[in-house]
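Read through the structure below, which is laid out as structure tokens, and then see the notes.
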Amino acid sequence: MNKKVFILLICLLFCGNFVSAQEKSDLQKRAEAIDPDKSIASARSMYIHAFNDYANKGQVKQGVECATKATAMYYKENFYKEAFDLLRNADQLIISSKLPANEKAAAHYLVTKERVQMYIKLRKSESAKEQLNTLENHANQSNDEGTKNDLLYTKAIYYYTFGMNAQGNAVFKEMADKLTAQKEYDKVDEVFQTLIANGRKSNNANLVAQSYSNYIAWKDSADAMKHADEIGALKKQIADNESVISEKDSSLTTRQVIIIGLCILAAALAAALVVGGIVLLRFILQNRRQKKIIKLANESNALKAKFISNISAQLEPTLQKLDSRLPEVKALQDFSSHIQTLSDLENSDEAIELEETSIPQFCEGIMDQIRDKVKDDVTLTVNAQKMSAMINKEYVSHILLHLLNNAAEYTPEGGTICLDFKKRGPHTHQFHVSDTGPGIPEEKREDVFKPFLEVRDLTTGDGLGLPICKQMALKMNGDLDIDPQFTKGTRFILDLHV
């Protein structure tokens, strides 16, 4: 079945989604900004990244929402194994959470529903039925009316898809009767229209025929009820109007007051429209000016970046002629090189090449490069699974070596430096670099990845190392952040998605 149709139906008719009222994370917003019709792999990867981020923060509801969206994008391209693996991860997140029982059930409902839809698409009737029974248990435990309505719709889809017309008719009639009893005729009509359209898109002739037949029968009875309701409403309105006219007709003075009041109200509304038009016009003009200012600012930033890059390139020949043994000259040469590297990373659109790499051997090789730089009695530890992964060795080596050199510089005698590798999903893995040094103050953690924030003595470092590492991580469709949960020093997390 068409996933988009299901989501639209649930959102419009039953309000069954349980997305938290909390603000969405930047990762989820970035995922939603990607058009899956143009780049489904990028959208899916970003949703998985958002799911892992929510999971690490213990935000279960938002995490489940991102996981189900990524799952739909997996099985849309027939990646069923990855889809089922991701749903298992989502279930584990729910089980380990501290949500109330009804909210856990609502979360499990969304995950299980994805399994039902995959089995329906795979035409596995028994597996779909088993998951449908589980789905019903979750719906009952959630104690949410919208979820129970959505369960009826999902049941109807299952029964019609596998030719069980009688059961499908019974379930669909139950759902239609509930909405009809609430006089929500338009919602019932939308349900029928969506079900018919769904059957056509999936080439399910049985679903189309049964839905259309039921729709015609319901519409005849619904039209009669709607007409009766409308006639009753009109009669009541007429009676109310007659009562009002009878009361107002008692004196000419009362009528004049009403007329004068209406004239005043009309004048006030006209004045309000004029003022509103003026305000709207000013807003439009201000909006245009702001767009122009933003455009000029973007152009200015681009010119600044090009200017800085050109300066670095022009200074390079002169700096190379100076004596690099002098600390000041060496600092200037490194600063110029770092500026050029940062500029190239920000302006380059070239695709990053990946290669199969043995992770334990790679990590040990990186750690060996700092063994002679650490203080006395500092313990160096590598924790990596015996596996291979697709990575860009140049960028990953640069990032890890920079982080480990910093750790070697700041970790005191008797401390510990660790390099860990963790597989977070079928296409997601992380490198962790942690130390027991003094740590980075919380108020400075966001600034360490931003270049040129302060005037520095270049002989003590130019502050461009971490911004360069951050850009390299982003170029690899990943990210580099400081772990806020680590309090025994500093831990950097390099998140990569293949």
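Only a single item in (1) more than 28 Å from the chain's Cα centre (by Cα); (2) assigned to a helix (DSSP H, G or I) is not met by LEU151, and it is number (1).
Among residues of the range 73-91 that are closer than 12 Å to THR112 by Cα, those with a beta-carbon under 7 Å from a residue that is among the basic types (Lys, Arg) at least six positions away or on a different chain give the pairs LEU87/ARG115. Considering the range 360-373, the residues that are out of contact with any Lys or Arg (no Cβ under 8 Å at 6 or more places or on another chain) and crowded, with 17+ Cβ neighbours inside 10 Å include one that is farthest from SER42 (Cα to Cα), namely ILE370.
Kindly check whether there is at least one residue in the range 381-396 that is at pLDDT below 90, touching a Phe, Trp or Tyr at 6+ places or on another chain (Cβ under 8 Å) and of a type in the set (S, T, N, Q). Scanning the range 381-396 turns up at least one residue that is at pLDDT below 90, touching a Phe, Trp or Tyr at 6+ places or on another chain (Cβ under 8 Å) and of a type in the set (S, T, N, Q). For the range 1-48, the tally of residues that are at pLDDT 50 or above and either open to solvent by less than 30 Å² (accessible area, probe 1.4 Å) or outside any helix (DSSP H, G or I) (or both) stands at 20.
LYS104 falls short of the stated requirement of being among the basic types (Lys, Arg) and under 18 Å from ARG44 (Cα atoms).
Note on the range 106-141: residues that are under 24 Å from the mean Cα position of the chain (by Cα) and either more than 15 Å from THR68 (Cα to Cα) or not in a helix (DSSP H, G or I) (or both) total 0. Whether a residue is open to solvent by less than 30 Å² (accessible area, probe 1.4 Å) and either on the phi < 0 side of the Ramachandran plot or not polar (S, T, N, Q) (or both) was assessed, and GLN430 passes this test.
Being in a loop (DSSP other than H, G, I, E, B), touching a residue at least 40 places away in the same chain (Cβ under 8 Å) and not acidic (Asp, Glu) is a description that applies to PRO438.
The values are calculated or read from the model by the stated rules, or taken from the named source; none is laboratory data. Predicted, not measured: the structure shown is a model, and the values here were computed from it. Heads up, the Cβs are rebuilt from the backbone with ideal geometry, glycines too, and the neighbour counts pull from every protein chain shown. Only protein heavy atoms, including side chains, enter the accessible area calculation; ligands, DNA and RNA are left aside. Shrake-Rupley method; radii C 1.70, N 1.55, O 1.52, S 1.80 Å.
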